[in-house]
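The values are calculated or read from the model by the stated rules, or taken from the named source; none is laboratory data. Bear in mind the structure is a predicted one, so any value in this text is a computation, not a measurement. Neighbour counts are summed over all protein chains in view; Cβ atoms, including those assigned to glycine, are modelled from backbone coordinates with ideal geometry. Areas reflect the complete protein model, heavy atoms only, side chains present, ligands, DNA and RNA absent. Shrake-Rupley method; radii C 1.70, N 1.55, O 1.52, S 1.80 Å.
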Amino acid sequence: MTSDKTRAGDVIPLREATRAWFAISLQTFGGPAGQIAVMQHKLVDEKRWIGQQRFLHALNYCMLLPGPEAQQLAIYVGWLLNGTLGGLVAGVLFVLPGVVALLALSALYVGAGSTAFVTGLFAGLAPAVIAIVVQAVQRVGKRALHHPVLVAMAVASFVALTVFKVPFPLVVLAAGVIGWLVGQRIPAFVQSRGHGGAADGPEPLISDDALHHDAPSTVRGLKVLALGLVLWFTPVAVAAAVFSRDSVFVDQGLFFSGAAVVTFGGAYAVLSYVAHQAVNVFGWLKAGEMVRGLALAETTPGPLIMVVQFVAFVGAYRSPGSLDPWVAAVIASLLVTWVTFVPCFLFIFLGAPYVERLRNNLHLTAALTGITAAVVGVIANLAVFFALHNLFERSRTLAWGPVDLDVPVLSSWDPVAFALTAVAVALVFGAKWSTLRTLGVCAVLGLASTLVT
């Protein structure tokens, strides 16, 4: 029997990697910024299984893909460490706690509604997440922005997204082109400060050449594509055969399969589109309920796009057909989760061998380095968005020519939210507390503030 250490494709024991991915899965709060920071700390800084530049190279590719980039990064790194099985383990564990938690919270929302207990927990968790995301922006920016041009590109991407509402794909495309052009003239643009520097991560215990790789080929690509498409759409076909084409399960399966390939820029970027379709076209939710679903997704581990699970649960509960509403809600929730995340595995297993082959291509490296800078601006934009909608009850839009800026209505500021955010910032940056510990304390404080008032 083959042991973990000698199993083909492993550079570390699969059992040890599984334990690490499980530990990461319980700490993936705070959206993509926090999730990437957790993997950075665990895999690059603590375990030293992968080098900083290899980590960023994988992240750059994942940022080009639709869907949750943090989960795709987990699949990619899991594939590098333990082959296809490692990618499957990393990807499944990354979302599993969030799926279970949001399923329970969705049921609680449908069954109990807005109770003081639930409201209090949310009141404390949201400010804590703000502090965690700000910390993640600082960590990722410190490691990725190693040249003044990159700093300028990060600022430009932030301004483009925040002030001018430039679409995310255009920001990424422009960053890639600019990175490629600058890399031709400034070689230092694509050079890091070395793994030995503290700001660039420690020297990895596993060399880049020892990490898993597959030779890219047309035959392999077609096999992966065929298998991935079959796995992706079979549950939808089964739902159509069992419940009819007009059932809520088929509508949700097809709609969210399509959403899975257009979700560039993370959950926030696609939220308005999903909300419009779910409320005005399909009638799965009432107006305003998408925001509550997002709040639930914010407080659970895993990608924020998990909010689609809440949409499916509520929609199927209210339109169950011939099934019991609770049974229909659970089936729809799991089906939509499947069609949302299976494409992530397909994109990584299909494209990673080609990206690895081009890893030392200076032209590609320069383009991806530019994209990394833009990613820092994107994450900062998400942090601002999150703070705006949690610290103030109302906001307004300033529109003037190309300017399209969301600003808070200052009179609607929430003193409790500001106070809890200050506490969270002090715990994260001052006391250096862990993510889970900070979330726990802030949840208790939020619950206390709600019960008192």
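Here are the numbers for the structure shown:
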{"quantity": "The chain - mean residue ellipticity at 222 nm from DSSP helices (-39,500 (n - 2.57) per run, n ≥ 4, rounded to 500)", "calculated": "-22500 deg cm²/dmol"}
{"quantity": "Solvent-accessible area per residue for the range 136-176 (1.4 angstrom probe, square angstrom)", "calculated": "45"}
{"quantity": "Solvent-accessible area, 1.4 Å probe, carbon plus sulfur percent, for the chain", "calculated": "68"}
{"quantity": "Estimated FRET transfer efficiency when R0 is 60 angstrom, pair GLU16-ASN280 (beta carbons, to 0.05)", "calculated": "0.75"}
{"quantity": "Virtual spin-label span in nm between PHE233 and VAL452, 7 Å along Cα→Cβ", "calculated": "5.7"}
{"quantity": "Over the chain, relative contact order from alpha-carbon pairs under 8 Å, at least 6 apart, %", "calculated": "30"}
{"quantity": "Too-long pairs where the Cα-Cα distance tops 31 Å, listed order kept, from LYS142/LYS165; LYS42/LYS286; LYS42/LYS223; LYS47/LYS432", "calculated": "LYS42/LYS286; LYS42/LYS223"}
{"quantity": "Inter-part distance where the range 27-95 and the range 281-326 are each reduced to a Cα centre, Å", "calculated": "27"}
{"quantity": "Protection proxy ranking, peptides 98-106, 238-246, 335-343, average beta carbon neighbours within 10 Å, highest first", "calculated": "335-343, 98-106, 238-246"}
{"quantity": "Ordering of 248-260, 346-358, 421-433 by burial proxy (mean other Cβ atoms within 10 Å per residue, highest first)", "calculated": "248-260, 346-358, 421-433"}
{"quantity": "Kyte-Doolittle mean at least -1.0 and Cα axial length at least 27 Å: DSSP H helices in the chain", "calculated": "69-112, 116-144, 218-243, 325-357, 362-391"}
{"quantity": "Normalised convex hull volume, the range 315-453, alpha-carbon set, Å³ per residue", "calculated": "257"}
{"quantity": "Extended-chain gain in nm, criterion 0.36 nm per residue less alpha-carbon gap, VAL444 and ASP406", "calculated": "10.6 nm"}
